[in-house]
Structure formats: structure tokens, C-alpha cells
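The values are calculated or read from the model by the stated rules, or taken from the named source; none is laboratory data. As the structure is a prediction and not an experimental result, all values here were calculated from the model. Reconstructed Cβ throughout: ideal geometry from the backbone, glycine too, with neighbour counts over all protein chains shown. Heads up: the accessible areas ignore ligands, DNA and RNA and are worked out on the full protein's heavy atoms, side chains in. Shrake-Rupley method; radii C 1.70, N 1.55, O 1.52, S 1.80 Å.
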Amino acid sequence: MAVTAAEATGEPRPDDGGGVCLTFTHERADHVEAIRLAIRARKKYSKVVYHPVTSVVFLLLSAVLLVDWFAGGRVPLGLIVASLVFGLVPLLVPRLSARTSAETLSPQGPVEVLVDADGVRTRSAGGDERMNWAGYDGWLEGPRTFVLTGPGRATVFATLLPKSGVAEQGDVDRLRALLAEHLPRR
């Protein structure tokens with residue numbers, strides 16, 4: 001039987017008072033989506049480097065160069081390897097990063113998040129954290145998750161809110177409205 005975050009921390013479930021409460025465990029698929037959303041929302045080169053079309057172009061270039069190399073052409077092997085790397089890295093980085101973050105956070109067990117007018121409160125067996133809205137600079141939405149972004153360029157994402165963590169489908173709409181009220185959508 002699953003233990004809720006409130007049970008794990010020994011505290012009662014918070015009264016939402018108009019907020020939305022999510023209860024979830026960290027899933028790799030949620031982290032993959034969150035990282036992809038955050039990368040695509042970044043400005044400048046990240047949108048191009050991590051775009052799937054960029055990977056396809058480099059992988060096709062690798063195939064053409066490899067065929068030429070096997071046919072006795074004078075294509076440097078280093079160019080073939082470099083184009084393969086540029087083709088594969090954008091595909092692998094989100095998955096590898098997601099695996100690392102999900103594996104790091106999953107031992108905390110069930111997570112309970114309360115999103116309300118004051119900000120976001122996260123509780124798990126690993127601790128209790130409160131972040132007001134000023135700690136975030138925006139939010140993103142994907143099919144599985146809401147992602148709250150941090151103010152720094154180095155931050156991939158600050159808080160992950162899986163839609164599967166809400167109790168009712170109507171809570172997803174309430175959460176979207178609450179986020180839109182306090183943060184700009186990215």
C-alpha cells in the first residue's frame with residue numbers, strides 16, 4: 001500500500017483553501033517531458049540544437065558520409081564521428097538527464113505539492129519546501145506535466161507538476177488557471 005507524503009512526514013494533508021493539491025511519485029517519462037519542454041522554451045541556440053530536425057539532418061549527413069567513406073572516398077573519419085555525435089546528443093540528453101533526475105528524486109517516495117495563491121509547497125519524506133511565486137519566472141505545459149521554470153539560465157526547470165498527481169480532471173484546469181494568474185506562460 002502506498003504511503004502519502006503527509007503520512008511519510010507525519011503531518012496532516014494541507015487544507016487547499018482554493019489551491020490545488022497533487023500527490024505523485026517521480027516518473028522518468030514526466031522528467032523527459034519536463035526537460036524537453038524546458039529546452040524548447042529556452043532562447044537562442046537551444047531551440048535549434050535540440051530540435052528533432054537538427055538530429056535528422058546530422059544523422060542523414062552521417063549516413064551519406066559513411067557510404068562515401070566505405071566506397072573509398074576521402075571523407076575524414078572524424079567528420080563522420082562528429083556528425084553522428086551532433087545527431088545523437090540532442091536525442092539522448094533529455095532521456096539521460098531525466099533518468100538521472102528521476103533516480104535522484106524517487107527515493108524520497110511520494111511527493112505532495114500544494115499550489116495556492118502564496119506559491120508552491122512541496123512535501124515528501126525528504127523534506128518540506130515552500131517557494132513563493134517570485135522564485136519562478138514562468139510555466140510550461142505538456143501533455144503529461146506542468147513545469148515551473150526558474151529565473152536562471154542554467155536551471156533546466158525548477159518544479160515538476162505531473163497532471164497524473166491531481167485528484168480530479170477539473171483540478172488540471174484549476175491548476176492551469178492558478179499558474180496563469182501568477183506567472184507568464186512560456
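Points worth noting:
- Residue match in segment 105-118 (condition: open to solvent by 60 Å² or more (accessible area, probe 1.4 Å), on the phi < 0 side of the Ramachandran plot, small (Gly, Ala, Ser) and touching a Leu at 6+ places or on another chain (Cβ under 9 Å)): yes
- Residue match in segment 58-68 (condition: closer than 30 Å to PHE24 by Cβ and polar (S, T, N, Q)): no
- Only helices (runs of 4 or more DSSP H) whose full extent lies in segment 1-106 are considered here, and the ones with at least 2 residues that are at pLDDT below 80 are 5-9, 28-41, 45-49, 77-105.
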